[in-house]
1. Using amide H atoms built 1.01 Å from N in the peptide plane, name the residues 5+ places from B:Gly390, or on other chains, whose amide H lies under 5 Å from its own.
2. Averaged across B:477-490, how many Cβ atoms of other chains sit within 10 Å of each residue's Cβ atom?
3. Can you tell me which of B:327-338, B:290-301 comes out highest on packing, and rank the rest after it, using the mean Cβ neighbours within 10 Å?
4. Across every pair of different alpha-carbon atoms, what Kirkwood hydrodynamic radius in Å does the stretch B:141-253 reach?
5. Computed over the Cα atoms of the stretch B:1-125, what is the convex hull's projected area averaged over all directions, in nm²?
6. At R0 = 45 Å, how high is the FRET efficiency between B:Ile17 and B:Ala365 if r is their beta carbon distance? Nearest 0.05 is fine.
7. Return the average number of partner chain Cβ atoms within 10 angstrom of each residue Cβ along peptide B:506-515.
8. Taking every pair of distinct Cα atoms and averaging 1/r, then inverting, what Kirkwood hydrodynamic radius in Å comes out for the stretch A:1-137?
Amino acid sequence: METIQLEIDGKKVEAERGTTLLQAARKAGVEIPTLCHDDRLAPFGACRLCLVEIDRGGRKRLVASCAYEVEDGLVVKTVTEKIVRIRRMIVELLLAEATTGPLEVLAGKYGLKGSRFKGDEPACFLCGLCVRYCAEVKKKDITCFIGRGIGREVAFPSDLARSACPLCRECLPLCPSGAWYSLYLKGYEGMPEETGPRQGA
Amino acid sequence: MAKLKSASELKKYRQDILAGRDPDRPCVTICLGTGCLACGGEQVHQAFIDEIARQGLEDRVDVRRTGCHGFCERGPLVVVFPREICYLKVTAADVPEIVAETLVHDRIVERLVYRGDDGKKVVHENQIPFYRHQSRVILGANRLIDPNRIEDYIALGGYSALAKSLFVMTPEEVLDEVKRSGLRGRGGAGFPTGKKWETTRDAHGETKYVVVNADEGDPGAYMNRSVLEGNPHSVIEGLIIGAYAIGARHGYVYVRQEYPLAVANLTVALEQARDLGLLGDNILGSDFCFDVAIHRGAGAFVSGESSALMAAIEGRVGEPRPKYVRTAVSGLWGKPTNLNNVETWANVPAIINRGAAWFGSIGTAGSKGTKIFSLVGKVRNTGLVEVPMGTTLRQIIYDIGGGISSGKEFKAVQTGGPSGGCLPAEHLDLPVDFEALDRAGSMMGSGGMIVMDADTCMVDTARYFIQFLSEESCGKCVPCREGLKRMLRILTGICAGRGRPGDIELLEELGEVMSEASLCALGTTAANPLLSTLRYFRGEYEAHIKEKRCPAGACKELIRYYIVPEKCQACLICARSCPAAAISGEKGQVHVIDQSKCTKCGVCLEVCPPRFAAVAKFSGKPVPAPVAAGTRIQGRK
């Protein structure tokens, strides 16, 4: 594996070609916030919290560090005024949907006491961790996204898919919004105890 | 039909077609593009067939079905060749007269020809002002071609650019010609086409693809549909030439399911091209092999985005991917894939035939050639307009479009579809090209142009586009999905009189983050309708928020209708027309609108006789209290 050199927040960092900026940064001890990333899954690039600024020959642009592959000599900044402004807004948008552990931590980090947007009820962030974990790691595709735009949601595509769920419950702790657990339970409402998910899983 | 095995066989085939045609023989062409079909074009066509048979003229007259001519406002359109007499808004009932007068006696049916504002009649299609100010490099052939007859296309020199490419030019020379022409992508971003081709050509790998993007989805835009419906071979020929230059053996046309006629005509065109050996193995007897498949889109606007489109062709959900590698290098199934818009491909045969220098002589320094716009909205001549790049908005809207249909003042023109922006009157003399529109805060986009007059509310316009995008975004990334959701709520609130101080600043903040942080171009441009209206019409936003007033009088919740007691003649017309039964009054009694029942439909304002003009529209100020019930006597003058 070829090793290349780049600079992240002023630190000289070595990384293997083919890895991402996020991986290189974390290896170097530089923390970048994410909500939709999991090392076991393919980059999704949906939460946009992991945006960083790259500089190539003076041309700066923002890229999602979870999906952008390391390049030799690349200069990366993980915190700039603009990046902080973007992350604050993203966290504020999501705070209107739910206030859960990971989001509260981020809200504290970016000095947010609440959101200027009014939420209706705790809602899913659509990070897709449950959907993608089931598809990519468990190879099961029990759940999926349906709809698009502001009507997008996570759902069981069919009873057939739901009944094929191995009930491994590995998707449950992945959820950053807490919405998945109630949806999951609802999906098995009325099913016999031994086939449905255990309460408090 | 035997396959053509060489350039000379194609030439001979064309000569045979021309030899079998008499240029003086009358031919009735009927526009059967989707617009004219919707206005009864099919019945007109059938009436011609029947009437010509009834009069026994079948052996003396041809009837040709064509695609869109462009002047959709006046459809169904009929042009009688060889004199090119153009009849507008033709109905089946007009057909016997046209046959008897024009076809039998060679006389003009005066009542069906174009009449200008000065009362002057214009008989010939090309002389109608709508067409006279255009340069129809791409659309011009539509009126001469039955899209289901490849012979019509070949008769006009069709596929000669392909023959020239295959037998006279190397792939490198074809690529070089396109590069030198300065052609830029017509789908929106305006990326240099030759450079894109070169990237795919030079990309690593044996298998490469070329794709036509026909997922036209901007509200009001239909130029791609009309090219595919009316002249599908021009797109196919461009695609084959591109495949030859790039080194691709497979191509796709990604066309929306909502364009059934385009799909049907394209299907026939591909079959006919295959039958003639213009597609498939050893095209025209050369070593070059290439074929095309149609992929029908399932109705998602976002699938026009390159990586989403390719995901859809692969059978996956049409969503943009987060990868930072261009589809030109890694596209369909990870192979280098060149994607161009319908109109871009249709330009290629003309460039090969007439040369890069000719193409480069049209347009502006940075934007070459012509561009098709679909001119819609509050303009008199709606339709498809093809003009050289650099033509001003004023020329398009006034010289070609005939000005504002309502006779009211021009307010703005929306260009570039949902990702574009609204430009005010001060920009009417802007030469339309990629850079100029960009600088003004809008964009070329694929060529939608929506004209708005004084009655159009710019906040409501922004709200409309934001709503469109909130439904059509894929919903994957947070800034785009949540940003649009919040923007829509705030804008809906402002239009409904619930705007609060700080809303504008919050909208701007949201718009900025969406532009900077979204995953794909849909999201990074989604705030444009908002940001451009804020840039030019900030006062309208402020009036909605601070004064609860809609300056255009369009936002229903901010307007009130009121019958001015001094003017009301108690004629009962408005009271009888009111669908909500909100108007009380009787003969001799001043009429009064019950504001709690009024649905703000505006019918009372429309029906009140102009000589009375007793109904007024209020916005931003309270409606005077109604005249006390006992004193409503109207003293008729």
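Just so it is clear, none of the values below were taken in a lab; they were calculated from the coordinates. Remember, it's a predicted structure, so these values are computed and weren't measured experimentally. Don't worry about glycine lacking a Cβ; one is built from the backbone with ideal geometry, like all the others, and counts go over all protein chains shown.
1. B:Val432, B:Asp433
2. Numbers: counts 9, 15, 8, 4, 9, 12, 3, 2, 7, 9, 0, 1, 3, 1.
The per-residue average across the peptide is 6.
3. Numbers: B:327-338: 21.2, B:290-301: 17.9.
Top of the packing list down: B:327-338, B:290-301.
4. Values: mean 1/r = 0.0659 Å⁻¹.
It is 15.2 Å.
5. Working: hull surface 37.8 nm².
Computing the convex hull of the Cα atoms and averaging its projections yields 9.4 nm².
6. Once the sixth-power term is evaluated, E becomes 0.65.
7. Taking all residues of B:506-515 together, the mean is 3.
8. Values: mean 1/r = 0.0628 Å⁻¹.
Averaging 1/r across every pair of different Cα atoms and inverting gives 15.9 Å.
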